[in-house]
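The values are calculated or read from the model by the stated rules, or taken from the named source; none is laboratory data. The shown structure was predicted, so the numbers you read here are calculated from the model rather than taken from an experiment. For neighbour counting, all protein chains shown are included, and Cβ atoms are generated from backbone atoms with ideal geometry for every residue, glycine included.
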Amino acid sequence: MPTFAPLHRRLFALIYDVMLLAAVLFCVAGAYFTLLLVIQAGGEQASSLGAAQTGDVLKELEVIQPGWPFYPLMSAIYLGFFLYFWRLSGQTLGMRAWKIRLQDESGATPGWWQLVLRLPAALLSLACAGLGYWVLLWPGVNHCWHDRLSRTRVVMVS
């Protein structure tokens, strides 16, 4: 019988993953806006970013609207991060650090349909003031809402 991961390990692993994902999203957003600036304004404005006339670069910069590709790109990176790691080994980097693993009911790495179902359900579990996670505090409950829905489980790794 596997040892189910307690709530604190799940939450700490999630914090690790969110910090890593935020760094990736910041880098991609920076590259996106730099490329957008070069395409829209040409090389002149991009090369003069450090040469503000008043000494206040932020006030002299024009606001660049991200356009429609930005939000699908950020969403794809967010979804891809979790789906890639969960499908690859059942562990994100945060889960690996906290020695927990995602698996299906048979103990194998979950299939794509389970992961695609699990990810929005996990977001919903968090969006409901974390109730989908807090259920783990009740005695005898080993599965979050999204675990039950996707027929997966998070277990300790020995």
Note: among 94, 42, just one is surrounded by 13 or more Cβ atoms within 10 Å (Cβ to Cβ), part of a helix (DSSP H, G or I) and either at pLDDT 95 or above or on the phi > 0 side of the Ramachandran plot (or both), namely 94
Going by the conditions given, is residue 37 of a type outside the set (Val, Ile, Thr) and modelled with pLDDT under 95? yes
Output for the range 97-116, where each listed residue is surrounded by fewer than 17 Cβ atoms within 10 Å (Cβ to Cβ), on the phi < 0 side of the Ramachandran plot and of a type outside the set (Val, Ile, Thr): 97, 104, 105, 106, 108, 111, 112, 113
Out of the residues in the range 98-134 that are among the small types (Gly, Ala, Ser) and closer than 19 Å to residue 1 by Cβ, which is farthest from the chain's Cα centre (by Cα)? 106
Is there any pair linking a residue in the range 134-158 that is closer than 17 Å to residue 122 by Cα to one that is charged (D, E, K, R) and surrounded by fewer than 17 Cβ atoms within 10 Å (Cβ to Cβ), with Cβ under 9 Å and at least six apart or on different chains, and which? 150/104; 151/104; 151/105; 152/104; 152/105; 153/104; 153/105
Which pairs do you get when a residue that is in contact (Cβ under 8 Å) with a residue 40 or more places away in the chain, found in the range 102-130, comes within reach of a residue that is assigned to a helix (DSSP H, G or I) and hydrophobic (A, V, I, L, M, F, W, C), reach meaning Cβ atoms under 8 angstrom, with the pair 6+ apart or on two chains? 102/86; 102/95; 110/86; 119/79; 119/82; 119/83
Any hit, the range 3-23, residues being touching a His at 6+ places or on another chain (Cβ under 9 Å) and either at pLDDT below 95 or under 22 Å from residue 133 (Cα atoms) (or both): yes
